[in-house]
Structures are given as C-alpha cells and as structure tokens.
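Presented below is the structure to which this report refers.
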Amino acid sequence: MRKGAKPLFSFLRQSEKRDLAPFLTFLRKERMMSTQGLAWWQQTIAYEVYPKSFLDTRGQGTGTLAGITAKLDHLASLGVGALWLTPCYKSPMVDNGYDVQDYLQIDPSFGTMDDMDELIAQGRERGIRVVMDLVFNHTSDQCAWFVESRASRTNPKADWYIWRDAKSDGSAPTNWRSIFGGSAWEWCEERGQYYLHTFAKQQPDLNWENPQVREALYDISNYWVNKGVGGFRIDAITYIKKPPVFEDGPADGEDGLYPVHAATANQPGILDYLHEFKRAVRDGHDIFMVGEANGVAASELDQWVGANGVFDMLFEFSHMHVPMGAEEIWCRPATWTLTDLKRVLAQSQAATAHNGWYPAFFENHDQPRSTVNFFHDDGPLASKAKVLGAVLLTTRGTPFLYQGEELGYGNASWKRIEDFNDVQTRAQYEFALGEGLSEAAALAACVRFSRDNARTPLQWDDSPHAGFSTAEPWLRVHDDYATCNVAAQEADPDSPLLWYRALAALRAARPELVAGDWQELLADDERILAFERTLEGARCVTLANFSGEEATYDTSLVAGLVPLAASLGEPQAGTLRPLEAVVWGN
C-alpha cells in the first residue's frame with residue numbers, strides 16, 4: 001500500500017463529529033507540492049447556494065446573506081473554497097432574482113451591502129471566495145435601463161433592448177416560443193413595438209450589439225471584482241448574440257411556435273463579444289469565470305474554454321439532457337441507458353483533457369434532484385446520493401455541489417400545481433395540458449422535472465420549518481425534513497453528509513484526484529460507471545453501481561489497490577452491491 005493510502009471513510013465513521021475544516025486546510029497545503037501549476041479554483045470544491053432557501057436569520061420566511069455567513073463552517077467542512085451565490089441583487093423576484101432591477105444593490109429581502117461585505121470577509125478567513133452570478137442576457141422590466149428604453153424610440157437607451165415592429169397583421173415579429181412558454185415577444189404600448197424576452201415577459205433581452213450596453217455590463221463586473229469576489233458564473237450566455245435576420249421557424253407544438261433556443265442560441269460572432277468581456281474583466285485578476293452554455297457540444301468546448309477560449313470552465317448540459325431530453329420539454333422525457341450517460345461524460349472529459357477545465361456537477365438550481373434524475377431503479381436515496389458523490393468528488397475537474405446535495409435529497413413530490421412557485425414549472429404545466437396531457441400527467445411531469453425540487457428550504461434540523469426559518473417559508477419544506485437534515489446526518493456515521501465530508505478529505509489528501517489524468521473503464525457496462533485517476537505513480541479507481549442489482553467486474557481493475565472509501569462498508573473486490581460505490585487506491 002502506498003504511503004498515505006488510508007481509508008478516510010473509517011476516519012469519519014470513528015469520529016463523526018470531528019471538525020474537518022482545519023484538517024482539510026492542512027491537507028490542501030500539503031497537496032500543493034503535487035499540484036503546482038493549477039489555479040486555486042482548480043484545486044477546490046465549489047458550492048452553489050440559493051440564498052432564498054439557505055437560512056433565514058430574520059424570521060421572514062426567506063433566506064438572508066447573514067444566514068449564509070452563519071453557516072460558512074458547514075461549507076468549510078465539505079472542503080469548499082468557492083461559494084457561488086445565485087442572484088441576490090435588487091429584483092422584483094418574478095424569476096427569483098434572475099430578473100435584475102439593479103446590479104449594484106442587494107435586494108432588501110437578502111439584507112444589505114454591509115451583509116455582503118461581511119460574507120466576503122468571513123469567507124476569506126475560511127479560505128472560501130464568493131462567486132457572483134451575472135445575469136447579462138436580460139434584465140428586469142423594472143430596471144431603469146428598460147424603463148427609459150420603452151419610453152420612446154429616440155431616448156438615449158432606445159437601442160439597449162431588442163425591439164421590433166409587428167408583422168403587417170399586427171402579430172408578433174416571429175413565431176418564437178420563449179423558454180418559459182408562450183410567445184417570446186411582448187407588445188409595448190408606449191413604443192408601439194414588441195420586445196424580445198427569451199425567458200419570462202418581465203425579462204427583456206439586452207442588445208449586445210450596442211457597445212454602450214457591453215461597456216455598462218463590464219463596469220458592473222469590475223465593481224464586484226473590486227469588492228473582492230473570486231469569480232463569476234455567467235447566466236444564459238449562449239443567448240446574448242441574436243441572428244442577423246429574425247424569421248419564423250417550423251412549429252414543433254400545438255401552440256404553433258418555434259423554440260427561441262433553436263432560433264437564437266450560439267450565433268456566429270458570440271465569441272467575439274465574449275473575448276472582449278474576458279479582456280475587460282477576467283484578464284489581470286485572480287478570479288475565474290464559468291459560463292452557463294446550454295447547447296454547446298463537447299466538440300465545441302475548445303472554442304469556449306482553455307488557451308483560445310473565453311471562460312475558465314463551461315457548464316454544458318449534455319449529461320443533464322440524457323434523462324430530460326435536449327429540448328427540455330418535460331412532457332416528452334427521454335429514454336436512456338447508463339451507457340448514454342457514460343458516453344457524454346467521457347466526451348466532456350476528453351474535450352477538456354488538454355485544453356480548459358471541467359466543472360463537474362449533477363445538481364443546480366435549474367434541475368430536479370440527482371437522486372431521482374440519474375437512476376431508473378427504486379432504492380434508498382441515501383445510497384444513490386453516495387454513488388453520485390463518489391463520481392462527482394473523484395472525477396477530473398472542479399466539483400460543484402448544490403445545497404442539499406450532500407444530504408441526498410429527493411424530489412418534493414407535491415400533489416397540486418399550486419404548491420409550485422416556479423414560473424417555468426407553471427408554464428411547462430400549461431404547455432403539457434395544451435399537448436393533450438391530463439392534469440395528472442402534466443403534474444407528474446412537474447413532480448419529476450420541476451426546478452422547485454431543488455429550491456425547497458435547506459433542512460438544518462427537525463424543528464418546525466426544518467430550522468430554516470421561524471416563519472412560514474416562501475416555499476414548502478420537503479416532507480422528509482424530520483429525518484433528512486444536517487443535525488440528524490451529523491449524528492449518523494452512515495449518512496450522505498459524512499460520506500461527502502469523507503470524500504472531500506480524500507480529495508484533499510490525494511493529488512491524483514485533483515491533477516491526475518482521467519481514463520474511463522468498463523465503457524460498455526450498463527450497471528457500473530468506472531474510471532481511474534493517475535499521477536506520478538499514484539492511482540485511484542472509482543467504481544459506482546448505478547443499478548439495483550449486484551454487479552461484477554474483473555478484479556484485475558483493482559489489483560494492488562486497497563479500498564479508500566466504500567459507501568456500504570467493507571467492499572468485496574470483483575463485486576458491487578446494489579447502489580454501492582467504492583474508491584480504490586495504491
């Protein structure tokens with residue numbers, strides 16, 4: 001056994017309440033010798049917080065920035081070094097902050113700019129840097145820019161948004177369907193024109209063709225850099241460049257509309273804008289930028305990341321589309337096999353192996369819970385969470401955890417459409433009804449795929465409202481909060497939470513899990529997802545059984561290795577129990 005190859009899962013099981021933050025800091029410092037040449041954001045774990053649902057310190061039913069600051073030690077225990085906040089700017093909250101009214105103010109529901117400064121400072125003390133979410137495809141219709149733009153066709157900001165005249169019959173300029181359903185165009189009486197909204201009608205698209213718009217957005221970004229943030233996640237970036245000609249597309253539904261994604265995403269020339277963005281904001285600063293790039297294929301990643309690209313990392317969604325379908329129309333879910341998932345994961349790894357860096361993720365605020373999304377078989381959610389955790393925290397790239405993922409959440413499984421808050425969910429429900437689905441079938445699609453599944457308040461303990469708030473929460477707490485919460489899992493040595501902490505410690509201790517090469521194993525196996533990580537003679541092998549049945553493999557894969565982490569206790573070489581994950585190493 002290689003020196004230092006100890007089963008870190010035993011370390012956690014024997015002392016489940018141990019404060020891991022100093023231990024992880026020590027391991028990171030020790031590891032630096034073997035990972036020189038990598039940036040800080042390549043060596044850490046990122047964690048996404050949905051501030052509205054994290055922790056309420058005011059008794060108002062919605063989360064606050066002070067609540068995030070109060071729980072930084074929880075993040076530190078997971079090895080987190082980058083804290084991505086979904087938008088907390090001033091907003092009418094039609095789309096929970098993704099409709100920004102003022103990029104330079106904190107929404108009062110979250111607190112004040114002083115609270116943000118305190119979060120940044122307290123995070124720094126723990127080695128955690130705050131990452132802001134930039135929503136630059138669109139603003140709120142209450143943004144001062146849009147209020148001025150819609151007032152006339154001749155004012156100074158008249159060309160800051162996408163305006164078009166009606167067709168000769170008075171109808172919308174094109175038959176594009178917004179991502180949230182219905183026409184992507186909204187009539188404005190003041191200007192006597194339509195404006196484009198890729199998402200909700202309260203989210204008018206900015207006109208990136210106007211250099212004044214781009215300059216204003218760069219100034220906003222640099223304001224936050226000067227505040228001390230560690231980077232940016234850039235929202236919906238593939239939609240910023242519109243086609244030179246706006247024209248109808250072939251209808252794909254009973255509503256007679258054509259998807260705006262197909263009409264506008266990833267237009268030629270978009271990378272010119274983004275290179276300009278990089279020069280104005282990223283260059284010369286110790287930060288990272290990760291773009292949300294729905295529709296960018298793995299084969300195109302070299303244009304978006306790396307030496308010739310514009311971002312340090314890129315969220316592309318090929319693996320998320322395996323169960324959901326690329327069009328993300330929930331009432332038409334895809335059929336898939338494990339090899340479908342493995343193929344797209346391997347393609348993304350190959351595309352970033354020598355150029356760029358991979359942001360590994362299974363959950364975020366726009367997706368259903370992964371314990372439901374990536375499995376066919378019934379089985380314990382905790383076991384499924386451990387399987388995905390083993391893959392996520394040992395693969396190549398920067399792992400991005402989403403709040404609650406470390407607890408093994410499932411979907412909310414609500415019984416009424418009224419229980420859902422999300423504007424997209426309600427639009428999908430109405431679309432499904434329009435496609436001829438029954439109310440029960442349309443609701444089932446929402447229960448399966450709604451974004452609200454990931455937005456329920458974080459469950460800290462078994463007190464009323466799960467310790468999230470003393471008031472009625474803005475969104476229903478998950479029904480399982482009494483048993484699935486941080487306090488309960490900290491006391492349970494077999495919990496997903498302690499498994500994630502153990503894997504974070506393992507990642508911190510093993511340089512090959514950060515800087516090593518990645519090679520797929522058992523590519524054709526329909527039960528086991530497997531890969532190896534190697535660096536300077538060190539080797540780790542991850543084996544994860546995604547099925548509800550026992551799975552076997554050739555023991556030569558782990559010859560000379562010992563189990564470093566095992567999700568169901570002591571493992572047996574050559575066999576994986578149902579929903580079991582094991583990490584082997586020399």
- Task: List the residues whose amide H sits under 5 Å from the amide H of Gly291, counting only those 5 or more places along or on another chain, with H placed 1.01 Å from N in the peptide plane.
- Result: Ile234, Met313, Leu314, Phe315
- Cα-centre dipole for the chain with unit charges at Cβ (Lys and Arg positive, Asp and Glu negative), debye to 20: 1620
- Item | DSSP-assigned coil residues among GluC sites (Glu not before Pro) in the range 295-340, each with at most 16 further Cβ atoms within 10 Å | Glu327
- Could you give the radius of gyration (one decimal) and Dmax (whole number) of the Cα atoms in the range 136-213, in Å? 11.7, 33
- Alpha carbon centroid spacing (whole Å) that separates the range 418-485 from the range 220-298: 29
- Degrees, to the nearest 10: 20-31 long Cα axis against longest axis of the chain: 80
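Within the range 131-194, which GluC sites (Glu not before Pro) sit in a loop by DSSP and count at most 14 neighbouring Cβ atoms inside 10 Å? If you can, show how the numbers build up before the last one.
Values: sites: Glu148, Glu186, Glu189, Glu190; in loops: Glu189, Glu190.
Here the GluC sites (Glu not before Pro) that fit, given the DSSP loop and packing criteria, are Glu189, Glu190.
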- What residue among Gly306, Asn210, Asn294 has its Cα farthest toward the positive end of the dipole of the chain, where the charges are +1 on Lys, Arg and -1 on Asp, Glu, each on the Cβ? Gly306
- Item | Label of the coordinate-derived value, semi-axes √(5λ) of the Cα gyration tensor in Å, listed as (i) 44, 34, 21; (ii) 39, 26, 25; (iii) 35, 34, 22 | (ii)
- What's the longest bit of the chain with no exposed trypsin sites (Lys or Arg not before Pro), using DSSP loop states and at most 10 other Cβ atoms within 10 Å as the test? 18-414
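Treat every Asp and Glu Cβ in the range 163-238 as -1 and every Lys and Arg Cβ as +1, leave all other atoms uncharged, and give the resulting dipole magnitude about the Cα centre to the nearest 20 debye. Write out the running numbers ahead of the final one.
Working: 8 positive and 10 negative charges, 53 e Å.
For the range 163-238, the charge dipole is close to 260 debye.
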- Which one of Ala382, Gln193, Ala82 has its Cα pushed farthest toward the positive end of the charge dipole of the chain, where Lys and Arg give +1 and Asp and Glu give -1 at the Cβ? Ala82
- Item | Residue among Thr483, Leu433, Gly537 farthest towards the positive dipole end of the range 406-537, charges placed on Cβ | Leu433
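Calculate the dipole size of the range 273-379 relative to its Cα centre from +1 charges on Lys and Arg beta carbons and -1 charges on Asp and Glu beta carbons; express the result in debye to the nearest 20. Before the final figure, lay out the partial values.
Values: 7 positive and 15 negative charges, 28 e Å.
Around 140 debye, computed over the range 273-379.
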- Query: For helix 423-434, what angle does its Cα long axis make with the longest principal axis of the chain, in degrees from 0 to 90 and rounded to 10?
  - Reply: 80
- Query: Going by alpha carbons, how many degrees (0 to 90, nearest 10) lie between the helix axis of 338-351 and the longest principal axis of the chain?
  - Reply: 80
- Item | Cleavage-rule hits, chymotrypsin sites (Phe, Trp or Tyr not before Pro), the range 349-444, DSSP coil, Cβ neighbours within 10 Å at most 12 | none
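Ignoring everything except DSSP H segments at least 4 long, calculate the 222 nm mean residue ellipticity for the chain; use -39,500 (n - 2.57) per segment, divide by total residues, nearest 500.
Values: 19 runs with 165 residues, N = 586.
Computed mean residue ellipticity for the chain: -8000 deg cm²/dmol.
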- Query: Where a Cα-Cα gap under 19 Å defines reach, which aspartates and glutamates qualify for Lys157, not counting those fewer than 8 residues away within the same chain?
  - Reply: Asp99, Asp102, Asp141, Glu148, Asp165, Glu186, Glu189, Glu190, Asp205, Glu209, Glu215, Asp219
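Read the figures in this text as sums done on the coordinates, not as results from a lab. If you're wondering where the values come from, they're calculated on a predicted model, not measured in any experiment. Neighbour counts are summed over all protein chains in view; Cβ atoms, including those assigned to glycine, are modelled from backbone coordinates with ideal geometry.
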